[in-house]
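Trainee: Before anything else, here's the structure in question.
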Amino acid sequence: MKHKISVFALLCCVLFSFSSCSLRLASVDSLIRAPKLTGVNQQVQHSLDQSVGEPIILKTPLTGEYSSAFVYRDLDNDRVNECVAFYALSSSDSVHMSILDTDSQGAWFSAGDTVGSGSDVASLSFADVDGNGREEILVTWQIPESKNNQYLSVYGQYSPENGVVSMIDELYTAFHILDADADGSAELFLAVIEPAGDSYTATGKLFDYHASHRQIEPISEIALDPTVTSYANICHDYEGSVCRLYLDGVVSETHRITELLQISSSDLRLQIPENQGEEIGAFSLRPGTDNCCDINGDGYIEIPSYVPLDNSVVLDRENAVSETLYMTVWSRFSSGNMVPTYRYLSLPEWGYLFEFPEQWIGQVSAVKDIKLERLRFYLLNEDGETTHMLFCIDWIHSSAERETDALNSEDIVYSDDTQQYVALITDYGSDFGIEITDLISGFTKT
């Protein structure tokens, strides 16, 4: 059990974290009285109030890294921060973005005002898209009439005299920032789901900066899985000169899939890997909310799938077999094949994950005993039948229903103020080479 996965890494993969397309149903800006601003914020607000000339309501991005109506950033590389501010007029539903700068005396003034493309600010981010070494402003706008789609606007080429220039205004369902050709400037990938008669179409689009037009324009497009209703996550990695995109798509209330695309650095063309040995979407169809991530810290993205553990069972509270136990298998796409890199049994109701090493495949199976809150591992014979128990792990906690049948063992796998996980290794387990240090390294508290 050489891979020890940190709690943080696992939680980041399991929890829903795709801020680019997360939506909040309604803004609470108008329902909460903001505290009185002080210092620089007070000066900025005073300048903004004077510039607008009528009552305003400050707006904060609903999701993402920035949670303030005033965000300070050096937009022109003069080593002095400008301020990106969002507000709405009390007399109108439209949302504005204002850029404020300072003069030679340090006084704030409005350098430009832009009406947004939606009813609220969904998110704010920054990236150098045109390759001039200065960051552009990426704003996503919430659309009241759309459940899944938003607008992405990119503003750049800032100057104190002219403010910013709009470089793109595009409908999307999910978007992702990446540098596919490693040239130091960012490309934008947008996935959009749109109605088409009685069904829907899903399309992936790659955008790059067009220097002669001074605009961000589409350079490649590809059809995506039309069964996807929304996207939970997009991430990418690199293998040589190829950038790979992983799209975690929601296909039902309980299941999701992963689509794999690649972008060659030579022509920035979206494509499905030609040597793909199996259909990634079918392979990755899975229940739950796990998203792709670099699960083992090797620099490559792994795709989760759910695989039944041979000869495993789940015993219900009546000691009857209720179902098969499933493993979560994380696999890396390499040379046209999915190569497993990490496996574990997930027991969320008992609060932990347990690694299942590759060398155990075909040799070891497990029984999940719900009544005893015990996970038992058994040796398999040549016919694949369970024989001797190797070890088991008990969850001992204050609210446990049973006080008898607890393991008489001093081998503690994990403990805190409210619970313990204790293990018992049998002689067969010892002969198999299992030690308590293996169980501790394979255990991850969730």
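The values are calculated or read from the model by the stated rules, or taken from the named source; none is laboratory data. Source: prediction; values computed, not measured. Positions of Cβ are generated from backbone atoms using ideal geometry, with glycine treated the same way; all protein chains shown enter the neighbour counts. What goes into the accessible areas is simple: the full protein's heavy atoms, side chains included, and nothing from ligands, DNA or RNA. Shrake-Rupley method; radii C 1.70, N 1.55, O 1.52, S 1.80 Å.
Trainee: Under the condition of being more than 27 Å from GLN262 (Cα to Cα), of a type in the set (S, T, N, Q) and more than 24 Å from the chain's Cα centre (by Cα), which residue from region 131-181 is surrounded by the most Cβ atoms within 10 Å (Cβ to Cβ)? Don't jump to the end; show me each part of the working.
Mentor: The initial filter retains those residues of region 131-181 that are more than 27 Å from GLN262 (Cα to Cα), namely 134, 141-147, 155-166.
Narrowing the set further to residues that are of a type in the set (S, T, N, Q) leaves 142, 146, 157, 159, 162, 166.
Of the ones still in play, those that are also more than 24 Å from the chain's Cα centre (by Cα) are 157, 159, 162, 166.
Details: GLN157: 17, SER159: 14, ASN162: 10, SER166: 14.
Among them, the one singled out is GLN157.
Trainee: Same structure again: Within region 296-311, is there a residue that is in contact with a Pro (Cβ under 6 Å, 6 or more places away or on another chain), in a loop (DSSP other than H, G, I, E, B) and either charged (D, E, K, R) or open to solvent by less than 30 Å² (accessible area, probe 1.4 Å) (or both)? Walk me through it before giving the result.
Mentor: Taking region 296-311 and keeping what is in contact with a Pro (Cβ under 6 Å, 6 or more places away or on another chain), we get none.
No, there is no match, as no residue in region 296-311 is in contact with a Pro (Cβ under 6 Å, 6 or more places away or on another chain), in a loop (DSSP other than H, G, I, E, B) and either charged (D, E, K, R) or open to solvent by less than 30 Å² (accessible area, probe 1.4 Å) (or both).
Trainee: Restricting to region 423-446, give me the number of residues that are under 18 Å from TRP350 (Cβ atoms), of a type in the set (Val, Ile, Thr) and modelled with pLDDT of 95 or more. Spell out how you get there, then give the answer.
Mentor: Of the residues in region 423-446, the ones under 18 Å from TRP350 (Cβ atoms) are 423-424, 439-440, 442-446.
Next, from what is left, pick out any that are of a type in the set (Val, Ile, Thr): 440, 444, 446.
Next, only the ones that are modelled with pLDDT of 95 or more stay: 440, 444.
The qualifying residues number 2.
For every residue, the table says whether it meets (1) at pLDDT below 95; (2) touching a Ser or Thr at 6+ places or on another chain (Cβ under 7 Å); (3) within 27 Å of SER284 (Cβ to Cβ).
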residue: TYR158; (1), (2), (3): no, no, no
residue: THR173; (1), (2), (3): no, yes, yes
residue: GLU187; (1), (2), (3): no, no, yes
residue: ILE193; (1), (2), (3): no, yes, yes
residue: THR203; (1), (2), (3): no, no, yes
residue: ALA211; (1), (2), (3): yes, no, no
residue: THR227; (1), (2), (3): yes, no, yes
residue: TYR231; (1), (2), (3): no, yes, yes
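Trainee: Looking at region 54-68, I want the residues that are loosely packed, with under 14 Cβ neighbours inside 10 Å and have a partner that is at pLDDT below 95 and in a loop (DSSP other than H, G, I, E, B) with Cβ atoms under 8 Å, at least 6 apart or on another chain. Which pairs are those?
Mentor: Short answer, once both residue conditions are applied: GLU54/SER90; GLU54/SER91; PRO55/SER90; PRO55/SER91.
Trainee: Given the criteria within 20 Å of ASP394 (Cα to Cα) and open to solvent by less than 10 Å² (accessible area, probe 1.4 Å), does ALA320 qualify? So that I can check it myself, show each step before the final result.
Mentor: Working: within 20 Å of ASP394 (Cα to Cα): yes; open to solvent by less than 10 Å² (accessible area, probe 1.4 Å): no.
No.
Trainee: Here's a follow-up. Out of curiosity, is LEU62 farther than 24 Å from PHE109 by Cα, at pLDDT 95 or above and not in a helix (DSSP H, G or I)? Before you say what the answer is, go through the steps one by one.
Mentor: Details: farther than 24 Å from PHE109 by Cα: yes; at pLDDT 95 or above: yes; not in a helix (DSSP H, G or I): yes.
When the stated conditions are applied, LEU62 passes them.
Trainee: Looking at region 356-399, which of its residues are surrounded by fewer than 16 Cβ atoms within 10 Å (Cβ to Cβ), touching a residue at least 40 places away in the same chain (Cβ under 8 Å) and of a type in the set (D, E, K, R)?
Mentor: Residues satisfying the conditions are LYS371, GLU385.
Trainee: Quick check on region 312-324. Is at least one of its residues in a loop (DSSP other than H, G, I, E, B), farther than 30 Å from ASN381 by Cα and among the hydrophobic types (A, V, I, L, M, F, W, C)? Explain how you work it out, then say what you get.
Mentor: Residues of region 312-324 that are in a loop (DSSP other than H, G, I, E, B), as a first pass: 312, 316-320, 324.
Among the residues that remain, those that are also farther than 30 Å from ASN381 by Cα are: none.
Among the residues of region 312-324, not one is in a loop (DSSP other than H, G, I, E, B), farther than 30 Å from ASN381 by Cα and among the hydrophobic types (A, V, I, L, M, F, W, C), which makes the answer no.
Trainee: Suppose we keep only residues that are open to solvent by 10 Å² or more (accessible area, probe 1.4 Å) and of a type in the set (A, V, I, L, M, F, W, C) within region 238-255. Which one would you say is farthest from the chain's Cα centre (by Cα)? Talk me through it step by step, then tell me what you get.
Mentor: To start, the set of residues in region 238-255 that are open to solvent by 10 Å² or more (accessible area, probe 1.4 Å) comprises 238-242, 250-255.
Next, only the ones that are of a type in the set (A, V, I, L, M, F, W, C) stay: 242, 250-251.
On the way: VAL242: 22, VAL250: 13, VAL251: 17 Å.
That would be VAL242.
Trainee: So which residues in region 69-94 are within 20 Å of TYR158 (Cβ to Cβ), polar (S, T, N, Q) and in contact with a strand residue (DSSP E or B) (Cβ under 9 Å, 6 or more places away or on another chain), if there are any at all?
Mentor: Let us first name the residues in region 69-94 that are within 20 Å of TYR158 (Cβ to Cβ), namely 69-87.
Filter once more, keeping what is polar (S, T, N, Q): 77, 81.
Within region 69-94, ASN81 is the sole residue that qualifies.
Trainee: Yes or no: THR258 part of a strand (DSSP E or B), at negative phi, out of contact with any helix residue (DSSP H, G or I) (no Cβ under 7 Å at 6 or more places or on another chain) and open to solvent by less than 50 Å² (accessible area, probe 1.4 Å)?
Mentor: Details: part of a strand (DSSP E or B): yes; at negative phi: yes; out of contact with any helix residue (DSSP H, G or I) (no Cβ under 7 Å at 6 or more places or on another chain): no; open to solvent by less than 50 Å² (accessible area, probe 1.4 Å): yes.
In short, no.
Trainee: Continuing with this model, one more query. State which residue pairs qualify: first residue in contact (Cβ under 8 Å) with a residue 40 or more places away in the chain and small (Gly, Ala, Ser) and inside region 420-444, second residue open to solvent by less than 30 Å² (accessible area, probe 1.4 Å) and part of a strand (DSSP E or B) in any location, beta carbons under 6 Å apart, and separation of 6 or more residues or different chains.
Mentor: Close Cβ pairs (under 6 Å, with a partner that is open to solvent by less than 30 Å² (accessible area, probe 1.4 Å) and part of a strand (DSSP E or B)) amount to GLY429/LEU390; GLY429/PHE391; GLY442/PHE354; GLY442/GLU355.
Trainee: Being farther than 20 Å from GLU135 by Cβ and surrounded by 14 or more Cβ atoms within 10 Å (Cβ to Cβ) is the filter here; which residues of region 69-93 pass it?
Mentor: So in region 69-93, the residues farther than 20 Å from GLU135 by Cβ come out as 87-93.
Residues satisfying the conditions are TYR87, ALA88, LEU89.
Trainee: Which ones in region 94-130 are open to solvent by 50 Å² or more (accessible area, probe 1.4 Å) and part of a loop (DSSP other than H, G, I, E, B)?
Mentor: Step one: filter region 94-130 for residues open to solvent by 50 Å² or more (accessible area, probe 1.4 Å), giving 103-105, 109, 113, 115.
Residues satisfying the conditions are ASP103, SER104, GLN105.
Trainee: Could you please let me know if LEU315 is under 30 Å from HIS388 (Cα atoms), touching a Leu at 6+ places or on another chain (Cβ under 9 Å) and either of a type in the set (D, E, K, R) or open to solvent by less than 10 Å² (accessible area, probe 1.4 Å) (or both)?
Mentor: So LEU315 fails the test.
Trainee: Any residue at all in region 345-355 that's open to solvent by 20 Å² or more (accessible area, probe 1.4 Å), part of a strand (DSSP E or B), touching a strand residue (DSSP E or B) at 6+ places or on another chain (Cβ under 9 Å) and in contact (Cβ under 8 Å) with a residue 12 or more places away in the chain? Give the derivation first.
Mentor: Step one: of region 345-355, the residues open to solvent by 20 Å² or more (accessible area, probe 1.4 Å) are 346, 348-349.
Remaining after also requiring part of a strand (DSSP E or B): 346.
When the remaining residues are screened for being touching a strand residue (DSSP E or B) at 6+ places or on another chain (Cβ under 9 Å), the result is 346.
Narrowing the set further to residues that are in contact (Cβ under 8 Å) with a residue 12 or more places away in the chain leaves 346.
Yes, region 345-355 contains at least one residue that is open to solvent by 20 Å² or more (accessible area, probe 1.4 Å), part of a strand (DSSP E or B), touching a strand residue (DSSP E or B) at 6+ places or on another chain (Cβ under 9 Å) and in contact (Cβ under 8 Å) with a residue 12 or more places away in the chain.
Trainee: Within region 233-250, how many residues turn out to be of a type in the set (Val, Ile, Thr) and at pLDDT 95 or above?
Mentor: Initially, region 233-250 is screened for residues of a type in the set (Val, Ile, Thr), giving 234, 242, 250.
Subsequent filtering for residues that are at pLDDT 95 or above retains 234, 250.
Within region 233-250, residues that are of a type in the set (Val, Ile, Thr) and at pLDDT 95 or above number 2.
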